[in-house]
Amino acid sequence: MTGFALRFQNFQGEVPRLDKRTLGDMQAQVAKNALLTSGSLTPIASPKLITSAYLVDGTKTVYRMFDDSGSYWLSWDSDVDVVKGPIVGDERFRIFFTSDAFEPCYTDLSTATSSPPYPTAAFVLGIPTPETAPAASQDGTGSGVSEERAYVYTIVDNQGWESAPSPASGIVTGKPDAVWTISGFDPVPPNSGSVLSATYSEGRATLVLDTVFCLRQWETLEISGIPGLSGRLRILELDSAAKTVVVSASSGIGGSTGTWSRGAPHRTTDMVRRLYRTVTTSAGTDYYFVKEFGFGVLSVVDDAGANVGEPIATSQWQMPPANLHGLRMHGSGALVGFVDNKVWMSEPLSVYAFNSAYSVTSEHDIVGLGVIDTIVVACTKGRPMMWQGVAPESMAPIRMRSKAFPCLSKRSIVDGDSVLYASTEGPVEITSQGASLAAANAFTAAEWQRFAPETMVGEMFDGLYFLVHGTDAVSEDEETIIVAGGSMVRFTRTPTALYTDPETGLLYLVINNLLYEWNADPDTVMSVDWQSKEMVSARPLNIGAAVVDGEFTLTAAERAALIAEQESVRAANRAMIAASSSKGSFNAVSFNTLSFNGSLVRPPESVAETSQVVFSLFVRGEMIFSKVVTDNRVIRPPMGRKYDAFSVRVSGPVKIRAVAIAETPRDLAAV
């Protein structure tokens with residue numbers, strides 16, 4: 001009679017919603033540091049340090065720019081959404097980015113990478129609308145039939161980006177060939193100036209500036225010469241008449257005068273103006289191009305006669321709202337962002353120019369956006385919403401049959417073929433067909449809350465949804481969970497940022513403010529840890545034989561790499577301790593940067609001649625047998641004790657294809 005035998009293969013991950021006894025045969029109580037896509041337990045290779053990356057302290061977002069000479073890693077200490085420009089073959093490599101910490105910006109390769117940390121510099125996105133109407137006059141000469149004219153002007157930067165028009169001049173009547181003179185133009189938008197006085201009250205500083213021309217509420221300023229006002233400060237209130245701005249101040253300020261500069265300046269080099277005047281045709285009256293002139297010109301003469309150019313195209317254009325964030329790229333080549341519960345869109349390909357006519361409104365406040373080609377998805381504090389259209393002016397709502405799936409973490413949102421984010425009951429996936437739980441079979445709402453979904457940072461890579469979670473009152477551990485299908489695997493490193501490079505498809509992680517490439521060092525792998533379900537047999541039995549089918553041989557290169565890594569870790573630890581920079585003391589780093597009582601000191605991995613696996617046998621949750629395994633030979637757990645509820649666990653830096661258990665060695669042959 002053949003005894004009990006079972007073979008574990010085609011390994012699956014953890015399913016937190018199920019009891020350890022109701023798991024599927026290949027599902028796990030514990031699954032750590034393993035890739036399961038091949039069916040084997042494949043150890044995740046150690047992350048590879050990117051030594052060329054110089055990151056700002058407290059990095060939360062990274063982005064890679066590049067040219068023929070190499071890569072340049074941009075980093076920010078806030079949650080930033082970055083979009084590459086939609087112009088094919090753009091040699092300037094322009095990128096556009098938004099954050100809840102500063103106004104919408106853009107930069108290009110040369111501007112961003114002149115010196116680290118990158119980006120070195122960036123400009124505010126958009127061209128400011130002139131505030132002053134021009135003055136128009138004519139000299140009373142000329143002949144022919146009199147006509148009425150009004151004039152407007154725009155601002156154009158050295159990229160050809162053009163603002164909305166100024167207020168119109170008064171209507172002037174005169175002969176077509178009279179001398180028409182236009183003056184009274186706004187000056188170049190200032191990027192800096194003087195703080196004339198400063199007062200402090202209840203966490204806010206009120207600053208009187210020499211000018212507030214072209215400043216907007218929610219833009220940022222940097223203040224010099226006034227202690228207590230440091231860093232990039234958002235304009236909370238602005239009074240144009242009084243020339244005052246209000247910014248946050250954490251404590252009293254130590255002075256009353258100083259200087260200000262824009263956190264993101266206007267690109268004023270080689271700025272020009274364009275003049276337009278009214279022309280009446282059979283289609284109606286519109287403003288037509290007259291001439292272009294520099295900012296040094298104080299007045300111009302309209303000598304175009306009947307030879308005017310094209311009608312103005314920018315009448316409805318405006319800068320993006322200064323508190324716009326959540327930036328994405330629509331399939332039409334338009335930028336998409338949001339403020340509160342409103343989605344804003346730019347003109348297609350003219351991504352600096354937004355149009356309020358294209359705005360759509362969500363029922364609930366928006367947490368973040370995702371885009372599926374021409375579909376815009378609003379992940380909200382309540383029910384998600386979708387709009388679709390081939391162009392911004394044609395966006396129409398898609399009726400979704402969806403329950404309320406509130407988005408708990410903006411940083412968990414990823415998009416592509418679908419949109420994924422962390423909600424109250426688990427990961428939610430939105431497609432053109434609607435919203436559903438992406439891992440409904442893996443989590444209950446209560447189990448999901450153990451992973452502190454409001455802290456999650458997400459990224460998609462190789463068909464896997466990576467979610468880093470922090471700690472809260474329920475979750476005691478920080479870790480990364482990798483969700484695929486109906487199960488998950490834990491990755492025992494806790495990045496503060498994740499980034500999948502759209503050009504290379506590689507995944508990068510920021511750990512302890514250092515940049516690493518995911519799963520990139522095959523010579524130094526992490527230890528997998530996998531424990532089976534608790535199996536219940538109809539009769540008590542004794543597991544008397546087991547086999548671990550794994551790749552145990554350690555190559556010379558692998559062993560050398562482990563030794564080198566071990567010594568590198570020890571040397572780094574010695575240097576940190578000697579320099580008192582291990583950041584293990586209280587208040588050495590911000591809260592939630594390291595685990596409590598933790599530090600930057602890392603334990604070195606042990607090195608053996610061959611890779612090893614620890615095989616363990618558990619009975620009703622208690623380990624009764626454990627053995628270090630270095631080959632595929634039969635393991636003999638102790639005889640004499642019978643049990644009806646048991647599980648097995650394997651751990652080690654070895655690829656494991658299968659684990660077989662049986663009552664006797666002969667029974668192993670059956671599996």
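Structure notes:
- Meets criteria (polar (S, T, N, Q) and closer than 18 Å to Arg328 by Cα) for Ser78: yes
- The number of residues in segment 294-339 that are assigned to a loop (DSSP other than H, G, I, E, B), free of Cβ contacts under 8 Å to residues at least 40 places away in the same chain and within 41 Å of the chain's Cα centre (by Cα) comes to 1.
- In this structure, Ala578 does satisfy being open to solvent by 70 Å² or more (accessible area, probe 1.4 Å), farther than 28 Å from Gln9 by Cβ and modelled with pLDDT of 75 or more.
- Out of Ala446, Ala452, sole residue that is touching a residue at least 12 places away in the same chain (Cβ under 8 Å) and of a type in the set (A, V, I, L, M): Ala452
- Taken as a whole, the structure places Ser230 among residues that are at pLDDT below 95, of a type outside the set (Phe, Trp, Tyr), within 25 Å of Ala322 (Cα to Cα) and surrounded by fewer than 13 Cβ atoms within 10 Å (Cβ to Cβ).
- Cβ separations smaller than 8 Å between residues 6+ apart or across chains give the following pairs from segment 1-15 residues that are within 15 Å of Ser487 (Cα to Cα) and acidic (Asp, Glu) to residues that are outside any strand (DSSP E or B) and open to solvent by less than 20 Å² (accessible area, probe 1.4 Å): Glu14/Ala442.
- Residue in segment 594-608 that is at pLDDT below 60, over 16 Å from Val528 (Cα atoms) and charged (D, E, K, R) present: no
- Among residues that are of a type in the set (Gly, Ala, Ser), open to solvent by 20 Å² or more (accessible area, probe 1.4 Å), touching a residue at least 12 places away in the same chain (Cβ under 8 Å) and farther than 27 Å from Ser611 by Cα, Gly463 is included.
- Segment 89-147, residues that are touching a His at 6+ places or on another chain (Cβ under 9 Å) and β-branched (Val, Ile, Thr): Thr98, Val124, Ile127
- A single entry from Ala150, Ala133, Ala112, Ala164 fulfils the requirement of being free of Cβ contacts under 8 Å to residues at least 60 places away in the same chain, closer than 30 Å to Pro176 by Cβ and over 15 Å from the mean Cα position of the chain (by Cα): Ala133.
- Of the residues making up segment 412-435, those that are at pLDDT 95 or above, closer than 23 Å to Gly331 by Cβ and part of a strand (DSSP E or B) number 8.
- Set side by side, the residues Ser71, Ser78 differ, and just one is farther than 30 Å from Thr444 by Cα, polar (S, T, N, Q) and within 16 Å of the chain's Cα centre (by Cα), which is Ser78.
- Test for Thr257: is it over 26 Å from Ile155 (Cβ atoms), open to solvent by 30 Å² or more (accessible area, probe 1.4 Å) and modelled with pLDDT of 95 or more: no
- From the options Ser418, Ser409, residue that is hydroxyl-bearing (Ser, Thr, Tyr), closer than 15 Å to Leu369 by Cα and crowded, with 22+ Cβ neighbours inside 10 Å: Ser409
- Residue ID - modelled with the lowest pLDDT, chosen from residues in segment 133-160 that are surrounded by 14 or more Cβ atoms within 10 Å (Cβ to Cβ), assigned to a loop (DSSP other than H, G, I, E, B) and in contact with a Gly (Cβ under 8 Å, 6 or more places away or on another chain): Gly142
- Strands (runs of 3 or more DSSP E) within segment 179-254 that include 2 or more residues more than 34 Å from the chain's Cα centre (by Cα): 180-183, 192-201, 204-209
- Failed criterion for Ile430 (all others in (1) farther than 16 Å from Ala484 by Cβ; (2) buried (at least 24 other Cβ atoms within 10 Å of the Cβ); (3) under 17 Å from the mean Cα position of the chain (by Cα); (4) among the hydrophobic types (A, V, I, L, M, F, W, C) hold): (3)
- Filtered residues of segment 637-654 (kept if at pLDDT below 95, open to solvent by 20 Å² or more (accessible area, probe 1.4 Å) and within 26 Å of Thr553 (Cα to Cα)): Pro653
Okay, residues lined up against (1) of a type in the set (Val, Ile, Thr); (2) in contact with a strand residue (DSSP E or B) (Cβ under 7 Å, 6 or more places away or on another chain); (3) open to solvent by 30 Å² or more (accessible area, probe 1.4 Å); (4) within 30 Å of Glu147 (Cα to Cα):
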site: Pro265; (1), (2), (3), (4): no, yes, yes, no
site: Thr268; (1), (2), (3), (4): yes, no, yes, no
site: Arg274; (1), (2), (3), (4): no, yes, yes, yes
site: Glu292; (1), (2), (3), (4): no, yes, yes, yes
site: Leu298; (1), (2), (3), (4): no, yes, yes, yes
site: Gly331; (1), (2), (3), (4): no, no, yes, no
site: Ser350; (1), (2), (3), (4): no, no, yes, no
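- Segments classed as strands (runs of 3 or more DSSP E), wholly inside segment 3-119, with at least 1 members that are within 30 Å of Glu565 (Cα to Cα), open to solvent by less than 30 Å² (accessible area, probe 1.4 Å) and of a type outside the set (Gly, Ala, Ser): 28-32, 45-49, 61-67, 70-76
- The listed residues are Leu207, Leu221, Leu236, and the only one of them that is in contact (Cβ under 8 Å) with a residue 12 or more places away in the chain, aliphatic (A, V, I, L, M) and exposed (fewer than 15 other Cβ atoms within 10 Å of the Cβ) turns out to be Leu236.
- Restricting segment 276-290 to residues that are of a type in the set (A, V, I, L, M, F, W, C) and outside any loop (DSSP other than H, G, I, E, B) leaves a set whose member that is most open to solvent (accessible area, probe 1.4 Å) is Phe289.
The values are calculated or read from the model by the stated rules, or taken from the named source; none is laboratory data. As the structure is a computational prediction, the values presented were derived from the model and not from experiment. Cβ coordinates were reconstructed from backbone atoms using ideal geometry, including for glycine residues, and neighbour counts include every protein chain displayed. Just so you know, the surface numbers come from the protein's heavy atoms only, side chains and all, with ligands and any DNA or RNA stripped out. Shrake-Rupley method; radii C 1.70, N 1.55, O 1.52, S 1.80 Å.
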